[in-house]
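Chemist: Provided herewith is a single structure, encoded as C-alpha cells, for subsequent inquiry.
The values are calculated or read from the model by the stated rules, or taken from the named source; none is laboratory data. Please read these numbers as outputs of a predicted model, since none were measured by experiment. Note that we place each Cβ from the backbone using ideal geometry, even for glycine, and neighbour counts take in every protein chain shown. Calculation scope for accessible area: heavy atoms of the full protein, side chains included, ligands and nucleic acids excluded. Shrake-Rupley method; radii C 1.70, N 1.55, O 1.52, S 1.80 Å.
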Amino acid sequence: MAKQHSSSSSVGWVASQKRWLLAFLVMLSASTLIAFFIRAAFDTCDRSLDVVDKRPPTRVPSAVGSIVGAAPNPLGFMKSKPVLLVSHELSLSGGPLLLMELAFLLRSVGAKVSWITIQKPVDTDEVIYSLEHKMLTRGVQVLSARGQEAVDAALKADLVVLNTAVSGKWLDVILKDHVPRVLPKVLWWIHEMRGHYFKLDYVKHLPFVAGAMIDSHVTAEYWKNRTRGRLRIKMPQTYVVHLGNSKELMEVAEDSVAKRVLREHVRESLGVRSEDILFAIINSVSRGKGQDLFLRSFYESLQIIQEKKLQVPTLHAVIVGSDMTAQTKFEMELRNYVMQKKIQDRVHFVNKTLTVAPYLAAIDVLVQNSQARGECFGRITIEAMAFQLPVLGTAAGGTTEIVVNGTTGFLHPAGKEGVTALAKNIVKLATHVERRLTMGKRGYERVKERFLEHHMADRIATVLKEVLRRSKSHSVS
C-alpha cells in the first residue's frame with residue numbers, strides 16, 4: 001500500500017517524483033521498444049549445425065561495461081554494407097521486433113539497412129505507422145514489398161535476412177526469375193515451433209540459402225528432423241544464436257531506485273500490498289501460452305497452503321498480455337474460471353503493453369508456462385532473470401536452455417500433468433523467501449554471463465561473417 005505522509009507538501013513532492021521517474025522510464029522504454037515488449041513469439045540441421053558461442057564467454061564476467069567500451073563493435077565489418085531485412089509482418093510480436101533490433105544494431109555501425117514488410121493492412125494501422133516512424137528516425141529505409149524497388153534492393157544487397165518461415169513465399173511472388181541470384185546471400189532467421197509452418201510453399205528454397213539462424217538448440221533440432229522427415233529437404237548451414245537483453249533494459253533492472261518506484265506504483269494500481277507475493281505470466285493471452293493451466297496451478301497452490309495451514313503472505317496471480325477490447329473466447333474462459341473459483345481478489349488481468357519493465361519490477365516470480373514444444377527461446381525469461389526473479393517454466397523449448405532447474409528456478413512438465421508440479425513449485429517459492437532471492441540472484445548472474453546485448457551481437461557477427469563469406473565464394477564460382 002502507498003505510505004501516508006504527515007504533510008500535503010511531502011505527499012505532493014513524492015507524487016511528483018514518482019510521476020517524473022515513471023515518465024522517464026516510459027520515455028526510455030519507448031525508445032527501446034524491443035527490450036520492454038511482451039514477446040508474444042509465434043503462436044515466439046543435417047548439413048551442419050553450428051553452435052555460436054555455446055559456452056559462456058571468458059572475456060566478460062566482471063567489469064562488463066569497461067571491457068565492452070574498450071572493445072571494437074563486433075559488427076563493425078558491416079559498415080556501409082547494404083542489407084535488406086524482410087519481415088512477414090510489422091507488429092508487436094516477437095519476430096518483427098527482433099528483426100527491428102537487428103536493424104538498429106546494424107545501423108549503429110553504419111550499415112545501409114532497408115526494410116520490407118510483406119503483409120500490411122489496407123487501412124492505416126497505428127502500430128505499423130509508429131514502428132515505421134521509429135525505423136525511419138534511426139536511418140532504416142522502409143520500402144514497399146512489391147514492385148521494382150523491392151527487386152532492386154534484393155539484388156543490390158550484400159545480405160538479405162528473411163524473418164520467419166512464412167517470409168519464404170515473398171521470394172517467388174516478388175523476385176520471380178531473380179530468386180537464384182538472391183538465395184546465395186540469404187540468411188533465414190527462424191523463430192517458429194508450430195507444425196503448420198512446415199509447408200513446402202514456405203520453405204522450399206531453404207536448402208539453397210547461405211544459412212539459417214535459429215534462437216535455440218531445441219528448435220534447430222526440431223527443424224532439422226521435421227524438414228527431413230516431413231518435407232524431404234535438408235536444412236542449410238544452421239547457426240544457433242541465443243538472444244540477449246538490451247543495455248537499456250539492463251540499466252532499469254540494475255537501478256534500485258527506479259525499480260522501487262515502479263514496484264510501488266504497479267502494486268498500488270493492482271491493489272496489492274508490499275508484502276504480498278506476486279506470480280506473473282507475461283505473454284499474449286492464448287492457449288499455447290498456458291494461462292489456463294497456470295490459473296489451475298495457482299488455485300491448487302492456494303488449496304495446498306490452506307490444507308497444510310502454511311503461514312505465508314497473500315499470493316496473487318498476474319496475467320499480463322490480456323486484450324480488454326477483443327475479449328477472446330479463451331480469455332473469457334480464464335475470467336469465468338476465476339469467477340467460479342471465487343479468486344477474483346487474487347487474480348489480476350493486465351492489458352498487453354509495450355513496457356513490461358514495470359511489471360518485472362513489481363512481481364516476485366515469473367511463470368513461463370508455454371505449452372506443447374514451448375518457446376523457441378522466450379526472451380521474457382532472460383528479462384525476468386535480469387530483474388533477479390526466479391522462473392517457473394515448462395521443461396520444453398528454449399526455456400530449458402535458459403533456466404537451470406533447481407538453481408535459477410524450477411521446471412515442470414508441459415500439459416495437464418504439469419499442473420500439480422507447478423502448484424507445488426509455487427508453494428516452494430512462496431514459503432521460502434531465501435530460496436526466491438537466491439534463485440533470482442543466480443539468474444541475474446547467468447544473464448550477465450551469457451544473455452546480454454553484446455553477447456548476442458558477438459554471436460550474430462560470427463554468423464554474418466560466415467554468411468557473407470559463403471555468398472562471396474558463390475559469386476566468384
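Chemist: Looking at Glu383, Glu445, which is the one that is touching a Lys or Arg at 6+ places or on another chain (Cβ under 9 Å) and under 22 Å from Val241 (Cα atoms)?
Modeler: Glu383
Chemist: Out of the residues in the stretch 315-333 that are open to solvent by 40 Å² or more (accessible area, probe 1.4 Å) and touching a strand residue (DSSP E or B) at 6+ places or on another chain (Cβ under 9 Å), which is nearest to Thr394 (Cα to Cα)?
Modeler: Top of the filtered list is Met324.
Chemist: I've got another one for you. Considering only the stretch 444-477, state which residues are β-branched (Val, Ile, Thr) and within 24 Å of Glu254 (Cα to Cα).
Modeler: Val447
Chemist: Continuing with this model, one more query. Can you name the strands (runs of 3 or more DSSP E) wholly within the stretch 111-182 that have at least 2 residues being of a type outside the set (Phe, Trp, Tyr), modelled with pLDDT of 95 or more and open to solvent by less than 10 Å² (accessible area, probe 1.4 Å)?
Modeler: Hits in the stretch 111-182: 112-117, 159-163.
Chemist: Give the residue that is nearest to the chain's Cα centre (by Cα), with candidates limited to residues of the stretch 435-465 that are open to solvent by 50 Å² or more (accessible area, probe 1.4 Å) and under 27 Å from Pro236 (Cβ atoms).
Modeler: Ranking the qualifying residues of the stretch 435-465, first place goes to Thr462.
Chemist: Could you check the stretch 441-463 and list, in sequence order, the residues that are touching a Ser or Thr at 6+ places or on another chain (Cβ under 8 Å) and at pLDDT 95 or above?
Modeler: Arg442, Gly443, Arg446
Chemist: If you don't mind, another one. Kindly check whether there is at least one residue in the stretch 414-434 that is at pLDDT 95 or above, closer than 17 Å to Asp292 by Cα, open to solvent by 20 Å² or more (accessible area, probe 1.4 Å) and within 21 Å of the chain's Cα centre (by Cα).
Modeler: yes
Chemist: A follow-up question, please. Out of curiosity, is Ala395 of a type in the set (Gly, Ala, Ser) and open to solvent by 40 Å² or more (accessible area, probe 1.4 Å)?
Modeler: Yes.
Chemist: What do you reckon, is Lys342 at pLDDT 95 or above, farther than 18 Å from Thr381 by Cβ and either open to solvent by 50 Å² or more (accessible area, probe 1.4 Å) or charged (D, E, K, R) (or both)?
Modeler: yes
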